[in-house]
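Okay, structure first, notes after.
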Amino acid sequence: MKQKKSFHITAAIFVGLILGILFGLFMPGRYEFLLPAVDLVSSLYMSALRMMIYPLVFCSLIVGIQGIGSVSATGRIGGQAVLYFVVTTLFASLLGLFLPKALGLGGGISIEMVEANVEATEFTSLMDTVKNLIPSNPIASFANGDMLQVLVFAIIVGIACLSLGEKSDPFVRVVEAVNEISVKIVSVVMYVTPVGVFCSIAGVIYANGTETVIAVGAVLIALYVTMLLYILIVYGGIVKIIGKCSMRTFFSKVMPAALNAFGTCYSSATLPISKRCADELGVPNEISSLALPLGATINMDAVSIVMSFMVVFFANACGVEVSFSLLAVVLLSNTLLSIGTPGVPGGAIASFAALASIAGLPTGIMGVYISINTLCDMGATCCNVLGDLACSVAMKETVKLDTVHTAEFIQ
């Protein structure tokens, strides 16, 4: 019965996505007066999802740590997830550089430069990064949407509760109650997701326009094919070989999260739906409560593909020679930049500005990139969310949780 209900929701989201694309294409003219209503519904839907991100992440992570029951096991679960995300992001960046260069994409194309003032993302030292992990004001971290600081604060509180034992039980019970409330609200929001996705994607297509979609169609097709192959081969292989889960089962269960991510371009706001999908795949809360929010923060495989892809494409189009030594620098820089890219719409723009500067591309290409960023971001967000869920499914097999909540890793 639960599987049937999940199928109906997935089908409804898919229908909403298709209708939203068609509506966005034909909205100019006859239906343009409906744009304010579409924007209103889209904003309300996104606000409903964002409302539950941090309560769910914070409470679910603390509950998960209590379930693990061991400080060392918690650290190992987090460490394994980080290693997974860094390795896949590095591989994604390499793929994004290799394919367009091998195919010669962008050669013979004339690009009209558009000026756009974008502040490039700056590299920070490892020491500064570590310093910024500890929130001096946890309330400000919640208010500013700093997911990494919220994660660290939740881990600190969860470990403190473990060390206090029974003394922390009153607080843990409150956290468990808030977690249950958050899950219930997310379950209700799921029923309006088809409408929310419809309005979100309609606004995106309308804003970019039919001419823009057609003009960059060939590049977008090549980019989407690359991401699709990455999803099927890399994530599918991880799920099947490591996670011992059939690809058919995995992709059918995660479709609600994937479609929502595609329609909203917002991986962080998709977290509540991803958590629900992970539960249906049988991933223990102790794993998903840590791996999913961590993935939404640092797992940017598809962003890495997009930025590498576009660097080579624009270099070929502008006649800029990118040597193999420079490609190696771009590869490393892209990996670091994509990991630091926020999981929000348009989060990759500043990172791409920094990468374009490193590759020696003309500043005028930023205006062109911004005009197609959302169209790239739709597929990239969907790919990233699938990567987070693939990691959770794999860790379900590599991390064994027994009845007394201790974790043993397969050597």
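The values are calculated or read from the model by the stated rules, or taken from the named source; none is laboratory data. Not measured: the values here are computed from a predicted model. Note: ideal-geometry Cβ built from the backbone for every residue, glycine included; neighbour counts use all protein chains shown. Accessible surface areas use protein heavy atoms only, side chains included; no ligands, DNA or RNA. Shrake-Rupley method; radii C 1.70, N 1.55, O 1.52, S 1.80 Å.
Things to note:
To keep it simple, each residue is scored yes or no on (1) closer than 26 Å to VAL303 by Cα; (2) modelled with pLDDT under 80; (3) among the small types (Gly, Ala, Ser).
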site: SER47; (1), (2), (3): yes, yes, yes
site: MET52; (1), (2), (3): yes, yes, no
site: VAL71; (1), (2), (3): no, yes, no
site: THR74; (1), (2), (3): no, yes, no
site: ILE77; (1), (2), (3): yes, yes, no
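- Of all residues making up the stretch 231-242, the number that are surrounded by 24 or more Cβ atoms within 10 Å (Cβ to Cβ) and either in contact with a Lys or Arg (Cβ under 7 Å, 6 or more places away or on another chain) or not β-branched (Val, Ile, Thr) (or both): 1
- Number of the exception - LEU83 against (1) surrounded by fewer than 23 Cβ atoms within 10 Å (Cβ to Cβ); (2) at pLDDT 80 or above; (3) touching a helix residue (DSSP H, G or I) at 6+ places or on another chain (Cβ under 7 Å): (3)
- Pairs with Cβ under 7 Å, 6+ apart, first in the stretch 150-172 and free of Cβ contacts under 8 Å to residues at least 24 places away in the same chain, second part of a helix (DSSP H, G or I) and open to solvent by less than 40 Å² (accessible area, probe 1.4 Å): SER168/CYS161; PHE171/CYS161
- All of (1) crowded, with 23+ Cβ neighbours inside 10 Å; (2) closer than 21 Å to SER200 by Cα hold for MET255 with one exception: (1).
- So ILE181, is it at pLDDT 75 or above, more than 20 Å from the chain's Cα centre (by Cα) and either open to solvent by 10 Å² or more (accessible area, probe 1.4 Å) or within 24 Å of ALA11 (Cβ to Cβ) (or both): yes
- Sole residue being modelled with pLDDT of 85 or more and in contact with a Leu (Cβ under 7 Å, 6 or more places away or on another chain), chosen from VAL254, VAL234, VAL306, VAL239: VAL254
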